[in-house]
Amino acid sequence: MSLQSQDVLRKFEKVCEILARYEHDKSKLIPIMQAVQEEYRYLPEEVITYLATSLRIPPAQVYGVATFYSHFALKPKGKYVIKICDGTACHVKKSIPILEALMKRLDLEPGRMTTGDMLFTVETVSCLGACGLAPVLVINEEVHGLMTPESTVALIDQICEVEK
């Protein structure tokens, strides 16, 4: 094996393990991509190309799947992904002031939704399916209902304390 091949294998070691787990079966592209994203927290461009090459499919096909499904991310996300609902129930119950307080607390702005330390990523979503708890946000998989700007900032402060 050439030195260059060894470097590629080291760089993509986790991807190779995932591909092996799914037996390099291109019909399992979505679960492969899900496992890769779980490992990297997003789908790096060079990984998309490597997946395509390894599965013998066009890179455009992998990219097409990655951009079709909102679950996949092409940019790095923070350790804590905060999804704030702006569906009808949440919007009516003032989700926008919560988003504004979150953006201010994390020093984010439209177009830059991940903190520089890669700790937080903020996303707005159309519905989280918890309208009875509006306004709602989800941090990773944990649902937080009946939120206010103040309770949201307090929650972020708690996370920051834990991360110190």
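A single member of I82, I57 is at pLDDT 95 or above, under 12 Å from the mean Cα position of the chain (by Cα) and of a type outside the set (D, E, K, R), and it is I82. Based on what the data block shows, is C127 farther than 26 Å from I48 by Cα and either in the same structural domain as K26 (by TED's automatic domain parsing) or at pLDDT below 95 (or both)? Considered against the rule, which asks whether it is farther than 26 Å from I48 by Cα and either in the same structural domain as K26 (by TED's automatic domain parsing) or at pLDDT below 95 (or both), C127 comes out as yes. Scan segment 97-104 and give yes if some residue there is modelled with pLDDT of 95 or more, closer than 26 Å to P44 by Cα and more than 17 Å from the chain's Cα centre (by Cα), otherwise no. Scanning segment 97-104, I find at least one residue that is modelled with pLDDT of 95 or more, closer than 26 Å to P44 by Cα and more than 17 Å from the chain's Cα centre (by Cα), so the answer is yes.
When the helices (runs of 4 or more DSSP H) confined to segment 22-99 are screened for residues that are within 30 Å of L146 (Cα to Cα), those reaching at least 3 such residues are found at 88-92. When you scan segment 117-144, how many residues do you find that are within 22 Å of H71 (Cα to Cα) and free of Cβ contacts under 8 Å to residues at least 24 places away in the same chain? The number of residues fulfilling the criteria is 5. Scanning segment 40-52 for residues that are at pLDDT below 95 and either of a type in the set (G, A, S) or loosely packed, with under 13 Cβ neighbours inside 10 Å (or both) yields a count of 2.
The values are calculated or read from the model by the stated rules, or taken from the named source; none is laboratory data. This one's a predicted model, so the numbers in the text were calculated from it and none came from an experiment. Please note: Cβ atoms are built from the backbone with ideal geometry, for glycine as well, and neighbour counts cover all protein chains shown.
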